[in-house]
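All of the numbers you see were taken from the coordinates with simple rules; none came from a lab. As the structure is a prediction and not an experimental result, all values here were calculated from the model. Cβ placement follows ideal geometry from the backbone for every residue including glycine, while neighbour counts extend to all protein chains displayed.
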Amino acid sequence: MSCTKKPPLARSYPSTIPNSCRWRSHPMSGTPASSRSAAHATARSFVAASAGPANRSKRSPVRAYRSTIAARSKLAGPLGSATTPSRVPRQKWNACPVSPITACRGRSIPACRRMPSSAAAALVQFGASSIPGILPIAFQSSLPPHPAGRPPLAPSPPIRTMRLHPRGGPMSDYEITTLPNGLRVITATMPSTQAASVNIFVGVGSRSEPRHLNGITHFLEHMVFKGTEKRPTAIQIAQEIEGAGGTLNAYTNKEFTCYWNIVPFDRFPTAIDVAADMLLNSKLEQQEIERECPVVQQELKRNHDNPAAWAARLIGQAVYGPQPAGWDVGGTVELVATWKREDFISHIREWYKPGNIVLSVAGNVTHQQVLEYAVPLLGGMEPGPIPPVQPYDPAVTGPRVVTESRPIDQCTLYLGLPIFGRDDPDRYILRILNDVLGAGMSSRLFLEVRERRGLAYSVSSGYGYLSDAGVFTISAGVNRDRLCETIQVCLAEADRLVREPVPPDELRKAKDHNIGRFRLSLETAFAIGQRNGELLLTKGRVETIDEVVAAIEAVTPDDIQRVAARIFDRAKLHAAVVGPNLDEAEIEAALG
């Protein structure tokens, strides 16, 4: 039955603040209750300040938006209406089957982005796309702690919005606004899509945890779906989004956590309200923690039972060694059973600060419309310092060879080498080097290992970044009697990149392949929202598509040889193998 109440987007701003905007004393928000009228007045002035003179017309963008929707279709019903099934089955808590090591609640995870399962698992395990904190940007403003506790909501200093015009067109690719408390809002307006994607990134992952709490960030990601004051149960949270035809989920890696949902664009008010409510008002009841603990433990056990996932985890631990960068995202089965509600609250208060959070929205909504909801929902979070993360120490490493023998038919092999962090100038050269070596069926590894020699069914290369480190891997699934030969062939192909320049025609094919895959990966509102939020959080800026393409086009054969010589150092090589009847001495001899 459709709801007939006045639609949220059918006015320039709500005459009263919804329940989710009434600030409570809560471990996530850390703010006392405040006046609804004050929040209303502040939000209106705040949005007006960001709009600029050009946007202050008699007919607000929201009213124009309403009339546009009404003209498009009468089938969608009134904005804000909801038709939900009488019962929604309880959603199962699963790790992503494509990337088992990533902590996530369901089957869809953006970190995977159409990669082979072994490569995707490795990228997440090694820290692909993550950071311990926020890098400052030129237009960012912050507000010092207020002596009374919660800072005033008035925009002091005024918000600052950056609009980027990478191609000189009439509409920017994205706009960024920093709220007075330091939280950043980035939007990408896509008028041709029917979707709106809401993504909240928090700069905390397993690398930010002390040893006795290793895995609590992942566990917390599960718990925020368990109920809030406004939506007391997991079913109610799921119904809000799925009842509109949308999807919601979350994932955790070594350096950040992301909570996301995607809905039809006319349900955007619901989407952002649910996301903010989960972030700020999760109940974190002890009985729910105890109920969810076995679920998290089963997720960890399932990852162990997957040879490809476990081998990827072992190579990450071998390369990074016994330091936070090398710890597992989910922790251990024993550790997760020891945590209490107070541990989760303390972790939230330490890391869930507005300066450590990015709200990224992409789809058929404008920056102005996003701010009208983001300001009252998230603008009252209390700012505070962000703790440092322990730097990566290259002198700390694990064993050169790690094996786990199992009574299975095939060996899963990973070769791993330490590399530079995500901001290194050679990162674009590594993209093309990896494309030549092991990305796709026309790569050198695939042609030599599978097509010419028939050594393995699957073989590929890949890499993953942290802020100050990374891992380059070569992976293969191979029979036990061909294991050492496969290792030697793979290493020979890597050495060839050091000795010989890549021919011009092969380089051209690699660039075309890489650029094409990059462009096609940005076809949806979800993909754009994920990319923008992740880059703003981890780099402090969003690299435009044209910048990335130009950097890839500038790669030369000499560049590839230089970077190959930089990373392919046999003295730093590690191997991890899961399979039958393994001999570590035999594998170490094959490494050379």
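Key figures
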{"quantity": "Cβ-based net charge around Gly326, under 14 Å, with every Lys or Arg adding one and every Asp or Glu removing one", "calculated": "-1"}
{"quantity": "Cβ-defined net charge surrounding Gly533, 13 Å radius [Lys, Arg +1; Asp, Glu -1]", "calculated": "+3"}
{"quantity": "Extension gain from Glu229 to Lys509, taking 0.36 nm per residue of separation minus the Cα-Cα distance", "calculated": "95.3 nm"}
{"quantity": "The range 203-317: relative contact order in percent, alpha carbon pairs under 8 Å with at least 6 residues between", "calculated": "27 percent"}
{"quantity": "Tensor-based shape of the range 406-481 (alpha-carbon gyration tensor, a/c under 1.5 rounded, otherwise prolate or oblate)", "calculated": "oblate"}
{"quantity": "In sequence order, calculated HN-Hα J values of the range 384-391 (Karplus, 6.51, -1.76, 1.60; Hz; x Gly/Pro)", "calculated": "x, x, 9, x, x, 10, 4, x"}
{"quantity": "Prolate/oblate/rounded call for the range 347-471, Cα gyration tensor, a/c under 1.5 rounded", "calculated": "prolate"}
{"quantity": "Cβ-defined net charge surrounding Arg349, 12 Å radius [Lys, Arg +1; Asp, Glu -1]", "calculated": "-3"}
{"quantity": "Spatially proximal aspartates and glutamates relative to Lys340 (Cα-Cα < 19 Å; intrachain offsets below 8 disregarded)", "calculated": "Glu209, Glu221, Glu285, Glu288, Glu290, Glu292, Glu350"}
{"quantity": "³J(HN,Hα), Karplus 6.51/-1.76/1.60, whole Hz, each residue of the range 372-377, x for Gly, Pro", "calculated": "4, 9, 5, 4, x, 7"}
{"quantity": "Principal axis box of the range 219-290, alpha-carbon based, largest edge first, Å", "calculated": "36, 29, 17"}
{"quantity": "Whether the range 338-411 is rounded, prolate or oblate, judged on the alpha carbon gyration tensor where a/c under 1.5 counts as rounded", "calculated": "prolate"}
{"quantity": "Other-chain or far-sequence residues with amide H under 5 Å of Thr397's (modelled H)", "calculated": "none"}
{"quantity": "For the range 548-592, with +1 on Lys and Arg beta carbons and -1 on Asp and Glu, the positive-most of Ala554, Ala585, Ala565 along the dipole", "calculated": "Ala554"}
{"quantity": "Pairwise label distance in nanometres, Arg452 with Asp426, each label 7 Å out on the Cα-Cβ vector", "calculated": "2.5 nm"}
{"quantity": "Stretchable slack from Ser192 to Asp409, in nm (0.36 nm times residue separation minus alpha-carbon distance)", "calculated": "73.2 nm"}
{"quantity": "Contour excess over end-to-end distance, with Cα ends at Glu523 and Ala492 and 0.36 nm allotted per residue", "calculated": "7.4 nm"}
{"quantity": "Values of log10 I(q)/I(0), in the order q = 0.12, 0.22, 0.28, 0.30 Å⁻¹, for the range 319-376 under a Debye, Cα-only, solvent-free model", "calculated": "-0.59, -0.98, -1.17, -1.18"}
